[in-house]
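Read through the structure below, which is laid out as structure tokens, and then see the notes.
The values are calculated or read from the model by the stated rules, or taken from the named source; none is laboratory data. Computed from a predicted structure; not experimentally measured. Note: ideal-geometry Cβ built from the backbone for every residue, glycine included; neighbour counts use all protein chains shown. All accessible areas refer to the heavy atoms of the entire protein, side chains included, with ligands and DNA or RNA removed. Shrake-Rupley method; radii C 1.70, N 1.55, O 1.52, S 1.80 Å.
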Amino acid sequence: MSLLHDNPFCLRIGIKYSICPAGMYSVAYGRFAAAVSAAGNLGVVGSAFMSSNELRQEIRLVQRNTDRPFGVDILFTGAPGTDTASSDYTREVQAHVETAFEEWVLAAY
């Protein structure tokens with residue numbers, strides 16, 4: 001199987017190459033994701049340490065710069081506990097998921 005669009009992943013997602021960079025904190029912003037997607041890959045916006053409003057702005061930047069599919073990397077790690085940091089993190093993840101759905105992002109993972 002090649003990296004080109006003849007594999008099931010590429011066909012299903014609608015991309016040319018099966019290259020999908022990680023949502024790297026401080027690198028994977030909207031401009032990067034748009035460029036990766038425009039080149040035929042699956043660009044990814046990293047949501048770590050962003051507010052839901054900042055994430056929405058980055059998603060919309062991608063949407064303005066390409067009509068190609070892209071995704072959002074959301075850190076779905078467990079934050080057990082009842083302390084403020086745990087509950088704040090859980091709310092942040094929920095807000096990121098809601099934002100991705102509201103903005104019609106192809107893939108949130």
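Structure notes:
- Among residues of the stretch 40-62 that are among the aromatic types (F, W, Y), none has a beta-carbon under 6 Å from a residue that is part of a loop (DSSP other than H, G, I, E, B) and open to solvent by less than 50 Å² (accessible area, probe 1.4 Å) at least six positions away or on a different chain.
- Helices (runs of 4 or more DSSP H) wholly inside the stretch 7-109 containing at least 3 residues that are out of contact with any Gly (no Cβ under 9 Å at 6 or more places or on another chain) and β-branched (V, I, T): 84-102
- Screening E92 on (1) surrounded by 17 or more Cβ atoms within 10 Å (Cβ to Cβ); (2) under 13 Å from the mean Cα position of the chain (by Cα); (3) in contact (Cβ under 8 Å) with a residue 24 or more places away in the chain shows it passes everything except condition (2).
- On inspection, R64 fails the criterion of being of a type in the set (D, E, K, R) and buried (at least 20 other Cβ atoms within 10 Å of the Cβ).
- Restricting attention to the stretch 12-35, the residues that are under 30 Å from T90 (Cβ atoms), free of Cβ contacts under 8 Å to residues at least 24 places away in the same chain and surrounded by 14 or more Cβ atoms within 10 Å (Cβ to Cβ) add up to 2.
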